[in-house]
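Here the structure is laid out as structure tokens; the discussion comes afterwards.
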Amino acid sequence: MIGSIMLTLAIHNRLIMPLFRKTRYSHGLKSLQKIWLGLLFSIIAMVGAALAERKRLSVAKTSSRTTALILPVSGFLLLPQFILVGIGDAFIYAGQLDFFITKSPRGMKAIGTGLFLATISLGLFLSTILVEIVREVPGTNDGHYWLAHRINDGRLDLFYGLLAVLSLINLGLFLLCAKCICQILKEETSYHS
């Protein structure tokens, strides 16, 4: 995932931005647009993870070696989701950092950077709480948990589906907040001019 973040940033800065500079959009994507794009990639990644896990579970159930440790499924089935999550994180992190630095008043740039890091920490903390909640709730009629000790007994596909739905809600809330922020910034620039 870190590799795809680094590759995404390199491709964005070395290939995409020079193309933007040749058009009337020479500034490239704005910070809120980068965050929106990153959230969209995150949703696509979670939907892809749910579909890949559903495929893996179906292979596990139909395989004659259900007690075996190795299933006839390639580990590369997970690669697209990791790449998409990395692309999403790259755009989200770059957009957040850019927003906090460019939209903060001069004396608050360090606080903006701290807020950027605090949002990452808060997100990791909340994801840990979500995992603990889901771990305790039986998710199927047969009493199996979504996050079971044996992966073939669990329903990770439903967990990834839940993450996709939560990411979609997050995107909706972000778009609502971004609209308000854009109105405030527009009013502020018209007030100062």
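The set of residues in segment 103-128 that are open to solvent by less than 70 Å² (accessible area, probe 1.4 Å), of a type in the set (Val, Ile, Thr) and within 18 Å of the chain's Cα centre (by Cα) comprises Thr119, Ile120.
Among the residues of segment 40-53, are any of a type in the set (Ser, Thr, Tyr) and surrounded by 19 or more Cβ atoms within 10 Å (Cβ to Cβ)? Talk me through it step by step, then tell me what you get.
Here is the first cut: in segment 40-53, the residues of a type in the set (Ser, Thr, Tyr) are 42.
Now narrow it down to the ones that are surrounded by 19 or more Cβ atoms within 10 Å (Cβ to Cβ): 42.
Within segment 40-53 (the criterion being of a type in the set (Ser, Thr, Tyr) and surrounded by 19 or more Cβ atoms within 10 Å (Cβ to Cβ)), the answer is yes, since at least one residue qualifies.
Quick check: is even one residue across segment 92-102 modelled with pLDDT of 90 or more, among the aliphatic types (A, V, I, L, M) and either within 29 Å of Arg54 (Cβ to Cβ) or open to solvent by 40 Å² or more (accessible area, probe 1.4 Å) (or both)? Checking segment 92-102: at least one residue is modelled with pLDDT of 90 or more, among the aliphatic types (A, V, I, L, M) and either within 29 Å of Arg54 (Cβ to Cβ) or open to solvent by 40 Å² or more (accessible area, probe 1.4 Å) (or both). When Arg65, Arg24 are checked against the criterion of being out of contact with any helix residue (DSSP H, G or I) (no Cβ under 9 Å at 6 or more places or on another chain), open to solvent by 30 Å² or more (accessible area, probe 1.4 Å), within 25 Å of Thr102 (Cβ to Cβ) and modelled with pLDDT under 85, Arg24 stands alone in meeting it.
The values are calculated or read from the model by the stated rules, or taken from the named source; none is laboratory data. What you are looking at is a predicted structure, and each value in this text was computed from that prediction instead of being measured. Quick reminder, even Gly has a Cβ in these numbers, built from the backbone with ideal geometry, and neighbours come from all protein chains shown. Accessible surface areas use protein heavy atoms only, side chains included; no ligands, DNA or RNA. Shrake-Rupley method; radii C 1.70, N 1.55, O 1.52, S 1.80 Å.
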